[in-house]
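**Student:** This structure is in structure tokens; I'll ask about it shortly.
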Amino acid sequence: MADHAPLPHFKSHQELSSYNLLSTLVWVYKIDENAFWWANNAALEFWETDGVDAFVSIDLTEDTPVVKDRLNDVFERCAKGETVEENWTLYPKDIPKMVIVNFRAILVDENKRAVLIEATPFLKDELDPRAKRILEAARNTPLLVSTYSLDGHLLVQNPAAVKAYGFSTDEMVAFSDRYPDIDLFNDLNESLKQHSVFVKEVEVLTQEAPRWHRITVENGRDPVSGEQVYVVAEEDVTKRVQAEQDLKNLNMTLEQRVAERTEKLSIAQAEAEAANQAKTDFLATMSHELRTPLNAIIGFSEMLSARVYGSINERQASALSDINDSGRRLLNQINELLDASTIDSGNLNLFETTFPVSKITDYCERVFSLEASKKGQRLVIECRNADTVICADEHRLTQVIINLMTNATKYTPKGGQISLIIHKKENGDVVFEIHDNGIGIEESELKRVFDAFMQTEQASTLASGKGVGLGLYISSQLMKLHNGSIHMSSQVGKGTVATATLPASRVIA
């Protein structure tokens, strides 16, 4: 209201009584309350109501939002001094009647916004029903419809266009004022010369903010002058355009992030590969460097124990035995490190031969019988298919079984039992099963037992310092090289079952 010039203010109906002398239809509509406030006698007759009280009680709640918005816009324009004259279709007693209306912004009651409407009915035969419907549709459609002369001046526009742009019908408004794209008018001219409908999405500046409109332009004819005109229909597509732009930006951002992430991963992978190679090279070099003097230590301790260099007493013999055991244990760990580094580098090759599976069971019986006896354990070895001949690397396959048997012996307390059972499945696979009733493995750790340097908490507690956690990792890799598999199941406090399986393709007979 602060931007408006002072408006006429009517506090009571009596102040408008002079309008009762006119044959022109006059009534007042309150903007904010969406209700009639007063009407003169001619308007009461037009609306077919008995008195002002009946007129103001007419229910307008079913009016469309377009009508409400239109009247609000009319008030604002009139309050600024504009003259607004339009063709309207009204519905007294639900009967459509077309009128020419003029609006005037006023205040009623306690400074309530209102418009004073003066209406002149059309003559009965002035417009046919079809024309009336077309005019009503153009007035109420949300599409912006405008007509321009061929030289680009605005001739007329519907209420939706007026609301969007704030321009009244004014031939001084040019096409270029509304559409800032300097090539647009020339482009549509060329298109319409080819008798094609011109369609384009353009950014325009409305009263609210910049918007994106899809404009459709076709040739038409002015019903007043008969001259050719351009008929422009506009649809607001801002939400869709913004969504497309947001999606485009998101895709660009995503592509950039993916590229950056890919580059970082590539760098990290290269660094990891370099670090892994450095580790492999170090382990291989150190393993070779350590094995040579270690073998010498083991050899000299055995020679001293055999009294090659002279007699020794009992304490010296015991010390030499400890040196020999420690040296062999360290040599075994170094061999595991060397095997692991060779496997990681992909340079481990199998030397395959054919041999009966009984060779493995015989060897395990010789190796573990004494160990089991020392610990008071019971050793059971059963080869159900002793005559089965397989093709494999005998040394490496025996190493797998030895690793599994060693773990079973280590982590089974005194009085426990370790079993090695070899049998064939119906599909021809050869299975090596190692059972024990030892400490078992937690379920949470069972999935990681074949990882390099992995040691379970139970195992570490029972056999601290006995290995670096590579035995099972090497065993799993050796079985993969044989196209086989290795599996482990366990229950804490009840024992563990380790199963190594060779495929039937490796069975010769």
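The values are calculated or read from the model by the stated rules, or taken from the named source; none is laboratory data. All of these numbers come straight from a predicted model, not from anything done at the bench. Note that we place each Cβ from the backbone using ideal geometry, even for glycine, and neighbour counts take in every protein chain shown. Surface accessibility is based on the protein's heavy atoms, side chains included, excluding ligands, DNA and RNA. Shrake-Rupley method; radii C 1.70, N 1.55, O 1.52, S 1.80 Å.
**Student:** Of the beta bridges DSSP finds with both residues in the chain, what % are antiparallel, to the nearest 5?
**Tutor:** 90 percent
**Student:** Determine which lysines satisfy two conditions relative to Lys279: a Cα distance under 26 Å, and not lying fewer than 8 residues away in the same chain.
**Tutor:** Lys264, Lys447, Lys466, Lys480
**Student:** Only sites in a loop by DSSP and with at most 14 other Cβ atoms within 10 Å count here; which trypsin sites (Lys or Arg not before Pro) in the range 266-364 make the cut?
**Tutor:** Passing both the DSSP loop test and the Cβ count: Arg307.
**Student:** Find the relative contact order for the chain and round it to a whole percent, using C-alpha pairs within less than 8 Å whose residues are 6+ positions apart.
**Tutor:** RCO, the chain: 8 percent.
**Student:** Here is a follow-up. Non-local amide H neighbours of Phe198 (under 5 Å, H modeled in plane, Pro and chain starts lacking H): which ones?
**Tutor:** Hits under the 5 Å cutoff: Val217.
**Student:** Sticking with this one: Express in Å², to the nearest 10, the accessible area of His423 obtained by rolling a 1.4 Å probe over the protein heavy atoms while all chains stay in place.
**Tutor:** Per-residue accessible area (His423): approximately 40 Å².
**Student:** How many percent of DSSP beta bridges within the range 265-424 run antiparallel, rounded to 5?
**Tutor:** 40 percent
**Student:** Any idea how far apart Leu143 and His395 come out in nm if each label point goes 7 Å out from Cα toward Cβ?
**Tutor:** Going from the Leu143 label point to the His395 one covers 8.8 nm.
**Student:** Under a point spin-label approximation (7 Å from Cα along Cα-to-Cβ), what is the Leu446-Ser225 distance to one decimal in nm?
**Tutor:** Placing both labels 7 Å beyond Cα along the Cβ direction yields 9.2 nm.
**Student:** Quick check of the Kirkwood formula: for the range 258-356, what is the inverse mean of 1/r over all pairs of different Cα atoms, in Å?
**Tutor:** 17.0 Å
**Student:** Further question: Is the range 324-379 rounded, prolate or oblate when judged by the Cα gyration tensor, a ≥ b ≥ c being the square roots of its eigenvalues, rounded requiring a/c under 1.5 and prolate requiring a/b larger than b/c?
**Tutor:** Oblate, since a/c reaches 1.5 and b/c is not below a/b.
**Student:** Continuing with this model, one more query. Considering only protein heavy atoms and a probe of 1.4 Å, how much of the accessible area of the chain is carbon and sulfur, as a whole percent? Walk me through the intermediate numbers first.
**Tutor:** Working: 15120 of 29240 Å².
Here carbon and sulfur together make up 52 percent of the probe-accessible area.
**Student:** Taking the Cα-to-Cβ direction at Leu370 and at Asn251 and moving 7 Å from each Cα, how far apart do the two end points lie in nm?
**Tutor:** 7.5 nm
**Student:** Val199 to Ala509: extension gain in nm, 0.36 nm per residue of separation minus the Cα-Cα distance?
**Tutor:** So the chain would gain 103.5 nm between Val199 and Ala509.
**Student:** Report the longest stretch of the chain that contains none of the GluC sites (Glu not before Pro) sitting in a DSSP loop with at most 16 other Cβ atoms within 10 Å.
**Tutor:** 228-351
**Student:** Under 15 Å from a label point 7 Å along Cα→Cβ of Ala259: give me every residue in the range 221-244 with its amide N that close.
**Tutor:** Once the point is set 7 Å along Cα→Cβ of Ala259, nothing inside the range 221-244 turns out to lie under 15 Å by backbone N.
**Student:** Amide H to amide H under 5 Å from Leu107: which residues, 5+ apart in sequence or cross-chain, H placed 1.01 Å off N in plane?
**Tutor:** His9, Phe10
**Student:** Determine the per residue accessible area of the chain with all protein chains present and a 1.4 angstrom probe, expressed in square angstrom. Walk me through the intermediate numbers first.
**Tutor:** Details: 29240 Å² over 509 residues.
Ligands and nucleic acids excluded, the figure is 57 Å² per residue.
**Student:** Lysines near Lys163 by alpha-carbon distance under 17 Å, same-chain residues fewer than 8 away left out - which ones?
**Tutor:** Excluding near neighbours in sequence, the set is Lys68, Lys80.
**Student:** DSSP loop (so not H, G, I, E, B), at most 13 other Cβ within 10 Å: list which trypsin sites (Lys or Arg not before Pro) in the range 392-432 pass both filters.
**Tutor:** Working: sites: Arg396, Lys410, Lys414, Lys424, Lys425; in loops: Lys414, Lys425.
Passing sites in the range 392-432 are Lys414, Lys425.
**Student:** Summing Lys, Arg as +1 and Asp, Glu as -1, what charge do residues with Cβ under 15 Å from the Cβ of His482 carry, His482 excluded? Before the final figure, lay out each step's value.
**Tutor:** Values: positive: Arg396, Lys480, Arg506; negative: Asp339, Glu352, Asp393, Glu394, Asp429.
Within the 15 Å Cβ shell, the charges total -2.
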